[in-house]
Amino acid sequence: MPGKDVPHSVATEIAKTVRRARRRFFRRDDFVGSRHSVEKALSRLVDRGELLRIRNGLYWKGADTPFGMSPPNPREVVAAFAAPYPSGPAGISAANLLGLTTQIPRVPEYAAPSTVPDVERIRLVRHNSKRANARRSARLNEREVALLEVLGAWERAVELPSDEAFDRLYR
């Protein structure tokens, strides 16, 4: 039956594409085929350990290591959901990036637009569309987002005396 070959060929093409990839995200829309066929093929790859499901519709292909597949960096996960809006570390994560603390939070914190869905093992500091649009218009980079976030969480995030912290920021 001709109809039976279509899902198999969709699955085969998806598997080939995923196996050739290294360290990248895949979305359901990256593949040609019916929604059901693509989802089924991706689900099988997750079951075999060839992909990690980050969230519904977003998958990760990491590098193979002796300990299994490498996970994505939390920054990459947030950026995948936040694009085209700038995102960056928030709170203690931002202070650490800027050298204002040696603390590393157990759960990384990232600033993102309010439209970014919850993601496991990442604490999101969501901003309304007005603030997200302002950051987008200003074309802020990750460090600039981190600076704004640190200024908003100074007492909680910065462990250095203020004069020393400001000296580091001015460098």
Review point. Would you call residue 147 open to solvent by 20 Å² or more (accessible area, probe 1.4 Å) and in contact (Cβ under 8 Å) with a residue 12 or more places away in the chain?
Key: yes
Check your understanding: Within region 96-118, can one find any residue that is in a helix (DSSP H, G or I), surrounded by 11 or more Cβ atoms within 10 Å (Cβ to Cβ) and either within 16 Å of the chain's Cα centre (by Cα) or modelled with pLDDT of 90 or more (or both)?
Key -> yes
Review point. Looking at this structure, is residue 145 more than 30 Å from residue 34 (Cα to Cα), at pLDDT 90 or above and in contact with a Gly (Cβ under 6 Å, 6 or more places away or on another chain)?
Key: yes
Review point. For region 88-106, which residues satisfy the criterion of being touching a helix residue (DSSP H, G or I) at 6+ places or on another chain (Cβ under 9 Å) and closer than 18 Å to residue 71 by Cβ?
Key: 89, 93, 104, 105
Review point. Going by the conditions given, is residue 124 at pLDDT 95 or above and aliphatic (A, V, I, L, M)?
Key: no
Review point. Considering only helices (runs of 4 or more DSSP H) fully contained in region 1-92, which possess at least 2 residues that are over 30 Å from residue 128 (Cα atoms) and open to solvent by 20 Å² or more (accessible area, probe 1.4 Å)?
Key: 2-20, 35-47
Point to revise | Odd one out for residue 57, checked against (1) modelled with pLDDT of 90 or more; (2) closer than 25 Å to residue 120 by Cβ; (3) not hydrophobic (A, V, I, L, M, F, W, C) | key: (1)
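The values are calculated or read from the model by the stated rules, or taken from the named source; none is laboratory data. Computed from a prediction, not measured in an experiment: that's the story for all the values here. As a convention, Cβ positions derive from the backbone with ideal geometry for all residues, glycine included, and neighbour counts pool all protein chains shown. Only protein heavy atoms, including side chains, enter the accessible area calculation; ligands, DNA and RNA are left aside. Shrake-Rupley method; radii C 1.70, N 1.55, O 1.52, S 1.80 Å.
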